[in-house]
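**Student:** Have a look at this one.
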Amino acid sequence: MSDTIRIGTVNRNTTETQIALTLTVDGQGTYNVSTGIRFFDHMLELFTRHGGFDLDLKVTGDLDVDQHHTVEDTGIALGEAFLEALGDKKGIMRAGYFVMPMDETLAVAAVDLSGRTAYAVETEVDVPIVGDLQTELVTDFFEGFARGAKCNVHVKTMYGRSNHHKIEAIFKAFARAMRGACSRDERMKEMLPSTKGLL
C-alpha cells in the first residue's frame with residue numbers, strides 16, 4: 001500500500017435517513033459530527049479523536065419515530081467508508097485489539113478487517129437511556145458497522161459502575177483497535193494480510 005491518504009466518502013439516502021460522510025483514515029482526530037443525538041455525537045467524536053481519524057458527518061434521521069434508524073444507518077455508513085478507504089487492504093495490519101480503562105471501568109475491543117461480517121457486543125449497561133441515547137442501540141451501531149465494513153467487531157465491558165463510562169470506554173477501545181487494524185505494516189507494504197489472496 002502506498003503512502004497516499006486513505007479517504008472514504010458515503011452518501012446514503014433512504015426514506016428513513018439521509019447521511020453524508022467523509023472519513024480520512026490517516027487523519028489528525030478532527031471531527032464535525034451531527035446526528036441529532038448528542039450523546040451519540042459525543043461517542044463518534046471521541047472515536048474519531050482516539051482513532052486518529054478525521055470525520056465529517058451529517059445525519060438527518062426520522063428521530064420522531066425512533067433513534068434506531070439513525071444509529072444503525074450511521075454504523076453502516078461509517079463501516080462502508082472504512083471499506084472504501086482501505087481499498088484492497090494490502091499492507092495493513094488487518095487486526096487490532098485494545099484494552100481501555102476509564103476510571104473504574106475497563107473495556108476491550110478486537111477487530112478483524114477480514115471481509116467477513118460478525119459482531120459480539122456486551123455493554124453491561126443496565127439503564128435504558130444514557131444522556132439522550134437509547135442504550136440498546138449501541139449494539140445496533142456495531143452491528144451496522146460490521147455489516148458496512150465487512151469485518152469482525154467484538155467489544156465488551158469487563159466491569160464498571162457508571163453506565164456513561166461503560167459506553168465511552170467501549171467506543172474508545174474500538175477506536176484504538178481500529179487504529180491498529182488500519183495501520184500500515186512497513187514489513188509487508190504490498191502484501192495482503194491473508195493466505196487466501198483476497199479480503
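The values are calculated or read from the model by the stated rules, or taken from the named source; none is laboratory data. Computed from a prediction, not measured in an experiment: that's the story for all the values here. Here the Cβ is made from the backbone with ideal geometry for all residues, glycine too, and neighbour counts use every protein chain on show.
**Student:** Given the structure, is VAL111 surrounded by 16 or more Cβ atoms within 10 Å (Cβ to Cβ), assigned to a strand (DSSP E or B) and of a type in the set (A, V, I, L, M)? Give the derivation first.
**Tutor:** On the way: surrounded by 16 or more Cβ atoms within 10 Å (Cβ to Cβ): yes; assigned to a strand (DSSP E or B): yes; of a type in the set (A, V, I, L, M): yes.
The answer is yes for VAL111.
**Student:** Output the qualifying pairs, or none if there are none: Cβ atoms under 8 angstrom, residues six or more apart or on different chains, first residue in the range 75-100 and at positive phi, second residue surrounded by fewer than 22 Cβ atoms within 10 Å (Cβ to Cβ) and assigned to a helix (DSSP H, G or I).
**Tutor:** Partner pairs satisfying both residue conditions: GLY91/MET188.
**Student:** Within the set of pairs 6+ apart or on separate chains, which have a first residue in the range 52-70 that is within 25 Å of ALA181 (Cα to Cα), a second that is assigned to a strand (DSSP E or B), and C-beta atoms under 6 Å apart?
**Tutor:** ASP54/THR24; LEU55/LEU23; LEU55/TYR31; ASP56/THR22; ASP56/ASN32; LEU57/LEU21; LEU57/VAL33
**Student:** Then there's this: Looking at the range 47-61, which of the residues that are surrounded by 16 or more Cβ atoms within 10 Å (Cβ to Cβ) and farther than 22 Å from GLY87 by Cα is modelled with the lowest pLDDT?
**Tutor:** First, the residues of the range 47-61 that are surrounded by 16 or more Cβ atoms within 10 Å (Cβ to Cβ): 47-57, 59, 61.
Subsequent filtering for residues that are farther than 22 Å from GLY87 by Cα retains 49-50, 59, 61.
Details: ARG49: 98, HIS50: 98, VAL59: 98, GLY61: 95.
Checking each candidate, the answer is GLY61.
**Student:** Now a separate question. What tally of residues in the range 94-108 results from selecting those that are in a strand (DSSP E or B) and buried (at least 18 other Cβ atoms within 10 Å of the Cβ)?
**Tutor:** Looking only at the range 94-108, we keep the residues that are in a strand (DSSP E or B), and these are 95-102, 105-108.
Right, trim to buried (at least 18 other Cβ atoms within 10 Å of the Cβ) and you get 96, 98, 100, 102, 105-108.
Qualifying residue count for the region: 8.
**Student:** What tally of residues in the range 129-160 results from selecting those that are farther than 19 Å from ALA81 by Cα and of a type in the set (D, E, K, R)?
**Tutor:** Residues in the range 129-160 being farther than 19 Å from ALA81 by Cα and of a type in the set (D, E, K, R): 3 in total.
**Student:** I've got another one for you. When the range 62-93 is examined, which residues are found to be buried (at least 20 other Cβ atoms within 10 Å of the Cβ), at pLDDT 95 or above and not in a helix (DSSP H, G or I)?
**Tutor:** GLN67
**Student:** Please name all residue pairs, on different chains or six or more residues apart, with Cβ atoms under 7 Å, provided the first residue is in the range 22-45 and is in a strand (DSSP E or B) and the second residue is of a type in the set (A, V, I, L, M, F, W, C) and modelled with pLDDT under 95.
**Tutor:** THR24/ILE5
**Student:** Looking at (1) farther than 25 Å from ILE7 by Cβ; (2) surrounded by 18 or more Cβ atoms within 10 Å (Cβ to Cβ); (3) basic (Lys, Arg), find the lone condition where ARG38 falls short.
**Tutor:** All conditions pass for ARG38, except number (2).
**Student:** For GLY131, only one of the following conditions fails: (1) in contact (Cβ under 8 Å) with a residue 12 or more places away in the chain; (2) on the phi < 0 side of the Ramachandran plot. What is its number?
**Tutor:** Status for GLY131: all satisfied but (2).
**Student:** Within the range 141-159, can one find any residue that is surrounded by 19 or more Cβ atoms within 10 Å (Cβ to Cβ), of a type outside the set (S, T, N, Q) and either at pLDDT below 95 or over 13 Å from the mean Cα position of the chain (by Cα) (or both)?
**Tutor:** Within the range 141-159, not a single residue is surrounded by 19 or more Cβ atoms within 10 Å (Cβ to Cβ), of a type outside the set (S, T, N, Q) and either at pLDDT below 95 or over 13 Å from the mean Cα position of the chain (by Cα) (or both).
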